[in-house]
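Engineer: This structure is in structure tokens; I'll ask about it shortly.
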Amino acid sequence: MKDVYKILVPTDFTSVAKTALNHAIKIAGIMNGEIVLLHVVDRDTKSEEARVKLDAIAEGVSKEQNIPTVGKVVTGNIFEDIDKVADYEGARLIIMGTHGRKGIQHITGSHAMKVITSSTIPFLVVQDKIIPEAYKNIVFPIDFRAETKQKISLTASMATKLGAKVHIFAEYDDDKFDKQKIDNNVAYTKKFFAKNGIDFVVEKAFEKGDFVKQIIRYSASINADFITVLNLNYRSINAFLKNLEEELITNEAQIPVLMVNPSTDFINKSPLFGQYQTLSM
């Protein structure tokens, strides 16, 4: 059976949803993949009008971009059905639009995080910013947490397939124990990328401070095409972590954020990640 790279794009027919679709078209073209457009309606909404509109968009993409695209309308709620449909379709990536504090079906940053956290599939969260001609620069933030290593395989795979350079951006910490953990994570990541032929550079924050703001500033300075982030509030009730993730995905520079939930089972099984194996230190 043919292994197809499918991208799921939830849409509410807004401009930011169109931007998400344009990203999907670009990535599906590179990956020789397919697109599934999803519109979720509640039980009080007539679905036929949405179905006609969705089918027209899907047909247009299929014909004009030569990328197989289908539309799917389901009755339910976005917090449950996006992940269900992605799993049913075998999607490897979900590309979803958000716009500051508003977005798909009025999803705010916090609501977007709820959708993302319910999924085992990576999310590329985008805003209205025009998509690049090519994906050239990926920012890979590193802090002291061991979990940060779990996004390495995805980043390596995306960098290889997109022909992008990875910018490792390490947090500054004056605590000697945390600094050592950060240095260990950087060394691990460098070794992994070097072994797998990934083009990369290492940059470090110059001072202790708000790391999320530093990530966004650095990413904007190099015109990053997206930032890879491990969803550290996955299954968490930590409000501080939730606010950090929300700030990232609604960043004012409108840089897309590729968010991965720490699901090692998915990472180990997915053909998207299978090209790269975990290194031992």
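The values are calculated or read from the model by the stated rules, or taken from the named source; none is laboratory data. These numbers come from a predicted model, not from an experiment. Please note: Cβ atoms are built from the backbone with ideal geometry, for glycine as well, and neighbour counts cover all protein chains shown.
Engineer: Over 30 Å from PRO10 (Cα atoms) and in the same structural domain as GLN254 (by TED's automatic domain parsing): is that true of GLU203 in this structure?
Structural biologist: Values: over 30 Å from PRO10 (Cα atoms): yes; in the same structural domain as GLN254 (by TED's automatic domain parsing): yes.
When the stated conditions are applied, GLU203 passes them.
Engineer: Here's another thing I want to ask about it. So which of LYS165, LYS129 ends up being at pLDDT 80 or above and either of a type in the set (Ser, Thr, Tyr) or in contact with a strand residue (DSSP E or B) (Cβ under 6 Å, 6 or more places away or on another chain) (or both)? Step through it out loud before you land on a result.
Structural biologist: Details: LYS129 fails: either of a type in the set (Ser, Thr, Tyr) or in contact with a strand residue (DSSP E or B) (Cβ under 6 Å, 6 or more places away or on another chain) (or both).
Just a single option satisfies the conditions, and that option is LYS165.
Condition check ((1) in contact (Cβ under 8 Å) with a residue 60 or more places away in the chain; (2) in the same structural domain as ALA56 (by TED's automatic domain parsing); (3) in a strand (DSSP E or B)) across all residues:
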site: ASP12; (1), (2), (3): yes, yes, no
site: ALA17; (1), (2), (3): yes, yes, no
site: LYS26; (1), (2), (3): yes, yes, no
site: VAL36; (1), (2), (3): no, yes, yes
site: VAL40; (1), (2), (3): yes, yes, yes
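Engineer: Can you find, within the stretch 195-205, the residue that is surrounded by the most Cβ atoms within 10 Å (Cβ to Cβ) among those that are closer than 16 Å to LYS161 by Cα and either touching a Ser or Thr at 6+ places or on another chain (Cβ under 9 Å) or without any contact (Cβ under 8 Å) to a residue 40 or more places away in the chain (or both)?
Structural biologist: ILE198
Engineer: Sort out which residues of the stretch 155-211 are over 19 Å from ILE138 (Cβ atoms) and among the aromatic types (Phe, Trp, Tyr), and write them in order of number.
Structural biologist: TYR172, PHE177, PHE206
Rundown of residues vs (1) small (Gly, Ala, Ser); (2) under 30 Å from ASP81 (Cα atoms); (3) in contact with a helix residue (DSSP H, G or I) (Cβ under 6 Å, 6 or more places away or on another chain); (4) in a loop (DSSP other than H, G, I, E, B), yes/no style:
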site: TYR135; (1), (2), (3), (4): no, yes, yes, yes
site: GLU147; (1), (2), (3), (4): no, yes, no, no
site: SER157; (1), (2), (3), (4): yes, yes, no, no
site: HIS167; (1), (2), (3), (4): no, no, no, no
site: ASP174; (1), (2), (3), (4): no, no, no, yes
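Engineer: Take the stretch 84-108 and flag every residue that is modelled with pLDDT under 50 and either among the aromatic types (Phe, Trp, Tyr) or in a helix (DSSP H, G or I) (or both).
Structural biologist: Passing the criteria: ILE104, GLN105, HIS106.
Engineer: If you take the residues in the stretch 50-77 that are modelled with pLDDT under 95 and touching a helix residue (DSSP H, G or I) at 6+ places or on another chain (Cβ under 6 Å), which one is surrounded by the most Cβ atoms within 10 Å (Cβ to Cβ)?
Structural biologist: The extreme case among them is VAL73.
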